[in-house]
């Protein structure tokens, strides 16, 4: 697949926007495998962890991480999704948005080590909203953050514990993570600003 | 330019589905230890009730409070309205207080429409005269969808006082948008004159309709509006149009029984039917809060409403 191609159901609005695939499927696979091992190392086997993905693509990534951890350790890992829409700080700047799903595993989050999973870490505002949302759902023992791409430009004092790839970007560029389950292919695209 | 929810006909199919899907996601809030979201913090919702309606008012109040909005309840009794203040002056008072949303219940059909021209905030119709009650229709559709799945092609029978029922009109309009087939059943005296123009079937014999019905919705016999002789006796009405155990047995296995409440047990619905597992009457109350949260979020939660109509000044 050429670096400039776009997924079929998201046609490029503008032909002079260039897309560069900075990660392809094998890179994403290796990055997730490494993150899974790092989580296990840092949490000493991950006995009390809960993986919570932030919709949409964070949920897919959480499911993949849970599968890898289970393959290595042989015990199932509770996972779920955490929608942060109602907690965002930019709600009043755009029309009201459709909500994503919040679904906790039956174990809940109380006294557990919650690992939040998002596809791209940028301003940190989504993670701030996720921490607030989590606060209303219970009291985890600790919260960590995993992200496939850290593109910099933080606006809040937030950092990731596990990073798939550090990607230096300009603030005008757009980073898009595509996953097989949602977009039909795995890739991380860097789109130049107009 | 304003955005309001005044009639169920204001909603496109996409709007209606967005409200129902949003409600679906909000339903889990009721099971959480903290039943509150910060989304409407700093926004003010005024409940403007010119008619008594405790259940609708507390449902809207609970919905707004779970979204962290400030709620001001304004009821006509003991207020300046009983001293003769006009709707317009009340509206200007609300405007001066900076209401972001106004939920209005009024005895006169069309009052919310008038109000929408006088205030800047979003107007939500919580029942106007014999006209409409769109959030009731939304919560009914939501309840049906939870029990039966997609409403496309579902057959819904609404039985009773169609003439005075804003619930029936809103339901007919919304269910038609969602692709369901509605049949209205009542004595001829309790149909409005223009019912022939509504997008639904009409019938006079309940027993003939029940076997091919997925949802049967019983409407309350509104004794307070029965000032003319619409039917000979309550007992005769109950025998011809009430839902008792025998009639419930004629429904298909999966069919559900609904009632917008408050119900007259023994008149339009028998106690054994109201308390049966097929009855969704208690669910409807809980779903009411969830659906109203979805409506308030979609109207007030963003920079501009995600659903509803845009009306121009003077329309």
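Read-outs: derived from the displayed coordinates by stated rules, not from any lab. What you see is a predicted model, and the numbers here were worked out from it, not measured in a lab. Counting neighbours? That spans all protein chains shown, and the Cβs are built from the backbone with ideal geometry, glycine included.
So here's what we get for this one:
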item	result
Number of partner chain Cβ atoms within 10 Å, mean per residue of B:34-45	3
By average C-beta atoms within 10 angstrom, highest first, the peptides B:176-187, A:124-135, A:67-78	B:176-187, A:124-135, A:67-78
Percentage relative contact order, segment B:134-279, counting C-alpha pairs under 8 Å, at least six apart	24
Linear extension gain, residue B:13 paired with residue B:236, 0.36 nm per residue minus alpha-carbon span	76.3 nm
Partner chain coverage, peptide A:36-48 - average Cβ within 10 angstrom	0
Quarter of the Cα convex hull surface for segment B:134-279, i.e. its orientation-mean projected area (nm²)	7.9
Neighbouring partner chain Cβ atoms per residue of A:84-95, average, 10 Å criterion	5
Degrees between helix A:57-73 axis and first principal axis of chain A (Cα, 0 to 90, nearest 10)	50
Among beta bridges that DSSP assigns inside chain B, antiparallel share in %, nearest 5	10
Inter-site label distance for residue A:165 and residue A:30 at 7 Å from Cα along Cβ, in nm	1.0
Bridge type composition, segment A:39-119 - antiparallel percent by DSSP, nearest 5	10
Acute angle (nearest 10 degrees) that the helix A:125-135 long axis makes with the longest principal axis of chain A, alpha-carbon atoms	20
Estimated [θ] at 222 nm from DSSP helical runs (n ≥ 4, -39500 (n - 2.57)) normalised by residues in the protein assembly as shown, nearest 500	-9500 deg cm²/dmol
Per-peptide average of other Cβ atoms within 10 Å, ordering A:166-175, B:88-97 highest first	B:88-97, A:166-175
In nm, spacing of pseudo-spin labels at residue A:111 and residue B:150 (7 Å Cα→C-beta vector)	4.6
On Cα atoms only, tilt of B:54-66 relative to the major axis of chain B in degrees	50
Percent of beta bridges antiparallel (DSSP, segment A:89-194, rounded to nearest 5)	30
Part-to-part distance (alpha-carbon centres) for segment B:69-132 and segment A:136-159, which is given in Å	44
